[in-house]
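Data first, discussion second: the structure below is written as structure tokens.
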Amino acid sequence: MNARQLFDYIEYFRSLWRQNKLAQQEQFKFCTCSGIETLQGPLQQFRTANAFFCVDETNDGATFRGRNGGWFKKRTVTVFLMHRYSMKDMATYTAALAKCRTLLRQLLTRMLVDEDALSNEMVYLRTESVLSRELGQYFLNGCTGLYFMVEVAEPIDLTFDATEWQS
């Protein structure tokens, strides 16, 4: 654990994507974005891919003092799971959303398993409350899915270092 370098949550979710059978069978493409407003990752691959596993590279966070007096950085990580469907066939919409729901359930089961191992590294994946929202059938043209948010907290070193400052 390095309290000056934060946990690489993008690489963590990339590894979950690589290892998940459903994500690979359904050919979810891994990408990153800068929030729901831009979703540049999926849009760049929209013509060539049908499903997206997109991690938001920006996050909301807070720095706080823990009960023991140490400082922590808490970040809220957002992951989008999206799948294309035929807008002329509602059955394909239902099937696409069901795949995203199933993938979310599978990711949650894995995060519960990983929670203990990460806490040994002093990275606290807050799985007791994972918020999610379904995007609906008109989110992107012919694409539906959901996103979920999970908090990650970890110690941060806020020791003053005079060498980082000019006198």
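Data table
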| quantity | calculated |
| --- | --- |
| Number of the exception - E134 against (1) within 16 Å of L16 (Cβ to Cβ); (2) surrounded by fewer than 17 Cβ atoms within 10 Å (Cβ to Cβ) | (1) |
| Any hit, the stretch 105-116, residues being acidic (D, E), over 20 Å from I10 (Cβ atoms) and part of a helix (DSSP H, G or I) | yes |
| Check on G61, in contact (Cβ under 8 Å) with a residue 12 or more places away in the chain, open to solvent by 20 Å² or more (accessible area, probe 1.4 Å) and either farther than 18 Å from S15 by Cα or not charged (D, E, K, R) (or both) | yes |
| Any chance A49 is in contact with a helix residue (DSSP H, G or I) (Cβ under 8 Å, 6 or more places away or on another chain), without any contact (Cβ under 8 Å) to a residue 40 or more places away in the chain, closer than 22 Å to Q27 by Cβ and among the aliphatic types (A, V, I, L, M) | yes |
| Residue, farthest from E154 (Cα to Cα), within the stretch 68-127, restricted to residues that are acidic (D, E) and surrounded by 13 or more Cβ atoms within 10 Å (Cβ to Cβ) | D114 |
| The one condition in (1) open to solvent by 60 Å² or more (accessible area, probe 1.4 Å); (2) touching a residue at least 24 places away in the same chain (Cβ under 8 Å); (3) hydrophobic (A, V, I, L, M, F, W, C); (4) in a helix (DSSP H, G or I) that L158 fails to fulfil | (4) |
| Subset tally (residues that are modelled with pLDDT of 85 or more, over 14 Å from R84 (Cβ atoms) and among the polar types (S, T, N, Q)) for the stretch 35-67 | 3 |
| Yes/no for K88 being basic (K, R) and in contact (Cβ under 8 Å) with a residue 60 or more places away in the chain | no |
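A quick yes/no check of all residues on (1) modelled with pLDDT of 95 or more; (2) closer than 19 Å to V55 by Cα:
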{"position": "R101", "(1), (2)": "yes, yes"}
{"position": "S119", "(1), (2)": "no, no"}
{"position": "S129", "(1), (2)": "no, yes"}
{"position": "E134", "(1), (2)": "no, yes"}
{"position": "L140", "(1), (2)": "no, yes"}
{"position": "M149", "(1), (2)": "yes, yes"}
{"position": "P155", "(1), (2)": "no, no"}
{"position": "A162", "(1), (2)": "no, no"}
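Table: residues versus (1) in a loop (DSSP other than H, G, I, E, B); (2) basic (K, R).
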| position | (1), (2) |
| --- | --- |
| K73 | no, yes |
| V77 | no, no |
| H83 | no, no |
| S86 | yes, no |
| T127 | no, no |
| M149 | no, no |
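The values are calculated or read from the model by the stated rules, or taken from the named source; none is laboratory data. Being a predicted model, the structure only gives us computed values, none of them experimental. Positions of Cβ are backbone-derived with ideal geometry, glycine not excepted, and every protein chain shown enters the neighbour counts. Just the protein is used for accessible areas: all its heavy atoms, side chains included, with ligands, DNA and RNA removed. Shrake-Rupley method; radii C 1.70, N 1.55, O 1.52, S 1.80 Å.
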